[in-house]
Amino acid sequence: MKGNTTFVFTLLVDNEFGVLTRITALIRRAGWNIRSLSVAETKTTEVSRLTICLECRHYTLEQVLDRLSRLDCVRKILPYSKETQVARELALLHLETTDEAVLQQICRELSATPLEHKGGHVILSAVCEEGLLDQMLPWLREQGLVDIARTGAISLRRSLDCKEEASRETACSQ
């Protein structure tokens, strides 16, 4: 979708039936496109972390977040930035190749690990920076990509401030 702006952010939401439906219904009504969505329970069973990548036309990040924050099931919104969060995408790649140099390059560039290797077919597990897989897909297709399953971006916030980090280091060393 050309001319659209892409936003990545995390919502901390109530972990209950219907929450995902309410969020996606708002997204559908606004005419936004979901490029990727990953959701799972957090360490607190009452809260789920929903990381979403949206394409929007004619909207700013503030407008998108304002509309989502109006939902009563949304507890907190964390816009993604490389300074405040670490983001990764997980993928399973099925390749048909016997070229060991190509496999080694893929493993190196995508931090991939071979899971199965049978008769010229390889399944790799990859963990890479958000966006890297999109950049490499045309090349991977040329190298014998048969199929791919992806999570989309997932992210966690880095430390909140120096005091909090210092208290964590103390707790970890005890």
Problem - All positions within region 51-90 that are exposed (fewer than 12 other Cβ atoms within 10 Å of the Cβ) and part of a loop (DSSP other than H, G, I, E, B) - result: H58, T60, R70, D72, K82, E83
Problem - Subset of region 91-147 (residues that are surrounded by fewer than 15 Cβ atoms within 10 Å (Cβ to Cβ) and touching an Asp or Glu at 6+ places or on another chain (Cβ under 7 Å)) - result: G120, H121, V146
Practice task
Can you give me the number of residues within region 17-39 that are at negative phi and exposed (fewer than 11 other Cβ atoms within 10 Å of the Cβ)?
Solution key: 3
Practice task
State yes or no: is L92 at pLDDT 95 or above, out of contact with any helix residue (DSSP H, G or I) (no Cβ under 9 Å at 6 or more places or on another chain) and either within 24 Å of T10 (Cα to Cα) or not small (G, A, S) (or both)?
Solution key: yes
Problem - Scan of region 13-40 for residues that are modelled with pLDDT under 95 and in a strand (DSSP E or B), ordered by number - result: N33, I34, R35, S36, L37, S38, V39, A40
Fill in the blank from the handout: Of those in region 15-26 that are in contact with a Leu (Cβ under 7 Å, 6 or more places away or on another chain) and aliphatic (A, V, I, L, M), the residue farthest from T51 (Cα to Cα) is L26
Problem - Near pairs, Cβ below 6 angstrom, 6+ apart or cross-chain, from region 135-150 (assigned by TED's automatic domain parsing to the domain that holds V122 and of a type outside the set (D, E)) to any residue that is part of a helix (DSSP H, G or I) and at pLDDT below 95 - result: Q143/V102
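The values are calculated or read from the model by the stated rules, or taken from the named source; none is laboratory data. Given the structure is predicted, the values throughout are model-derived calculations rather than measurements. Note that each Cβ is placed from the backbone with ideal geometry, even for glycine, and that neighbours are counted across all protein chains shown.
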